[in-house]
Every structure is written in C-alpha cells, then in structure tokens.
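A.B. asks: Structure provided below as structure tokens; questions to follow.
The values are calculated or read from the model by the stated rules, or taken from the named source; none is laboratory data. Everything quoted here is computed from the prediction, not taken from an experiment. Note: ideal-geometry Cβ built from the backbone for every residue, glycine included; neighbour counts use all protein chains shown. Keep in mind that these areas ignore ligands, DNA and RNA; they rest on the heavy atoms of the full protein, side chains included. Shrake-Rupley method; radii C 1.70, N 1.55, O 1.52, S 1.80 Å.
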Amino acid sequence: MNRRDNLKLLFAGSLASGFLLTNCKPEDKAADMSPKISGGTMGGRIEAENIRDQKLLSETFFTEEERKKLDVLVNIIMPAGEDSGSATDAGVPDFIEFMMKDYTAYQTPMRGGLMWLDHYSDDNYGKKFLELSESERMEIIEMIAWPEKAKPEMEGGVKFFNMLRNLTSTGYFTSEIGFNYLGYVGNRPNVWDGVPEEVMKKHGFAYEEKYIPLYLKPEERATVAVWDDEGNLIG
C-alpha cells in the first residue's frame, strides 16, 4: 500500500467525525436552506468574519523560497497518482498559507522547520534543500517521516514533518480533488417510507390500513403532511 492509499484510509475514517481542519468551500448550486444567524451572511458567517478572511487572504506569510520548498514537500507527501492530482494540484500550499495566518501558532514551527531542512542539508550535503537531488531529499525525508524509527537528534525535523503532513492531508482531502479521490459525496437526501414490515412484525406492530395510503412516498416527498386538531394524519 502506498503513501496516498494510507492517507486515503485515514481520512475516509475521519469523515464521520469531522476533519482536523477545514478547507471546505462548497459551491452554492441550489437554494441555500441553511439556518441564518440574525444579521449574518450566506453560510451563517457574519460580516466581521468575512472581512477578517479577506484581510488574511491579502497578506503573505511564506517567502518565495519557502513557498518553493513547501511545494516540493507537499508533493512528496501527496504526489500525483493515476486517478488523482498532487497536493499542489489540489491547492494545498494555498491552504497552508492561509492556515499560517489564521492560526498563528503554526508560524514559528513551520518557518523553523523549513530552516531546519536547509541547515541539515547544508551540514550533510553542502547545499540547501532545494539544491539537493530528488534522491538526496528523500534520504532526509525518510529520516523524519517515521517517528518510531527516527533518531533522537532528528526530533525537531520529525515534529515539523508531522505538522506538515497533517496540514497537507487536511488541505488535500478537503479539496475537490481530495473529495473525488475518496469518492465522498456528502449527505444526500433520501426517502423514508416507514419502518420495514418485517421489523414491525418482529415487534408485534402493524400500520393501520387507513394510514398506509398517506405514508410518504418517493414521488410525494416534497408534500407537507397535514394533521387535524386531534393529531391525526389526514393528508
């Protein structure tokens, strides 16, 4: 099983309980029926939140060189596959850029980790990380990607790579490319036409004949039920 499949399994299991972070931006393809907070905006976000988001989007955290390193690293974590794009194809670096500004506690360990890569590369290969060959880069990654196997002196690199892997996976699997790769379709409306007959019989119950024609049917699911003053379903 390759790296992509491992991460896919981890995130497929996490969908039921929510993602670690969020990068979900669903298209508004239908009438928005979600509850609204008084004075709020589409999706329940207030204007102050929208203004803050726009402010963060207008700022830049990563330097040009840091961004190049980030692109290389996220594609090592989530490379392109036969049936899906890479982390950069999914816009993961942009997601991480936003998270650096949205949750500022990430900034120091992220920048420190990127610096650590250059220092380690220079000490052991005589050049910076971006100047290394692909095989040399992977030698370093292999030393920090497996916490249980890593040497004690690699602790700083391990913590950095754990954080980066978490952010990369979250950004990837909450993107359109990631959703498609998982085969995740989200919540979809269905039709409930009553408790199955075999279950009713098992517990000694049965529907009253007079109500059976009134129970919800697929072709009538948009029809609102009507009740009389005594609580009886009449249509």
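A.B. asks: When you scan the range 69-105, how many residues do you find that are closer than 20 Å to Ala145 by Cβ and of a type outside the set (A, V, I, L, M, F, W, C)?
C.D. replies: Qualifying residue count, the range 69-105: 8.
A.B. asks: Go through the range 102-117 and give me each residue that's surrounded by fewer than 18 Cβ atoms within 10 Å (Cβ to Cβ) and either touching a strand residue (DSSP E or B) at 6+ places or on another chain (Cβ under 6 Å) or touching a residue at least 24 places away in the same chain (Cβ under 8 Å) (or both).
C.D. replies: Once the filter is applied, which keeps residues that are surrounded by fewer than 18 Cβ atoms within 10 Å (Cβ to Cβ) and either touching a strand residue (DSSP E or B) at 6+ places or on another chain (Cβ under 6 Å) or touching a residue at least 24 places away in the same chain (Cβ under 8 Å) (or both), the range 102-117 yields Asp102, Tyr106, Gln107, Pro109, Arg111, Gly112.
A.B. asks: Now a separate question. Take the conditions part of a helix (DSSP H, G or I), in contact with a Leu (Cβ under 8 Å, 6 or more places away or on another chain), surrounded by 12 or more Cβ atoms within 10 Å (Cβ to Cβ) and modelled with pLDDT under 60 and apply them to Lys8. Does it pass?
C.D. replies: Answer is yes for this residue.
A.B. asks: Moving on to the next point. Would you confirm whether any residue within the range 126-145 is in contact with a Lys or Arg (Cβ under 7 Å, 6 or more places away or on another chain), in contact (Cβ under 8 Å) with a residue 60 or more places away in the chain and either polar (S, T, N, Q) or over 14 Å from Phe161 (Cα atoms) (or both)?
C.D. replies: Yes: the range 126-145 contains one or more residues that are in contact with a Lys or Arg (Cβ under 7 Å, 6 or more places away or on another chain), in contact (Cβ under 8 Å) with a residue 60 or more places away in the chain and either polar (S, T, N, Q) or over 14 Å from Phe161 (Cα atoms) (or both).
A.B. asks: Pairs needed: first member in the range 154-179, over 20 Å from Gly113 (Cα atoms); second member anywhere, open to solvent by 30 Å² or more (accessible area, probe 1.4 Å) and at pLDDT 95 or above; C-beta distance under 8 Å; at least 6 residues apart or different chains.
C.D. replies: Ile177/Asp89
A.B. asks: For the range 47-71, what are the residues that are over 14 Å from Gly113 (Cα atoms) and of a type in the set (A, V, I, L, M)?
C.D. replies: Ala48, Ile51, Leu56, Leu57
A.B. asks: Moving on to the next point. Residues of the range 61-83 being buried (at least 17 other Cβ atoms within 10 Å of the Cβ) and either aromatic (Phe, Trp, Tyr) or not in a helix (DSSP H, G or I) (or both), which ones?
C.D. replies: Within the range 61-83, Phe61, Phe62, Met78 qualify.
A.B. asks: Can you work out which of the residues in the range 162-183 that are among the hydrophobic types (A, V, I, L, M, F, W, C) and open to solvent by less than 10 Å² (accessible area, probe 1.4 Å) is farthest from the chain's Cα centre (by Cα)?
C.D. replies: Result: Leu164.
A.B. asks: Same structure again: Could you list, in sequence order, all residues of the range 136-150 that are of a type outside the set (D, E, K, R) and open to solvent by 40 Å² or more (accessible area, probe 1.4 Å)?
C.D. replies: Met138, Met143, Trp146, Pro147
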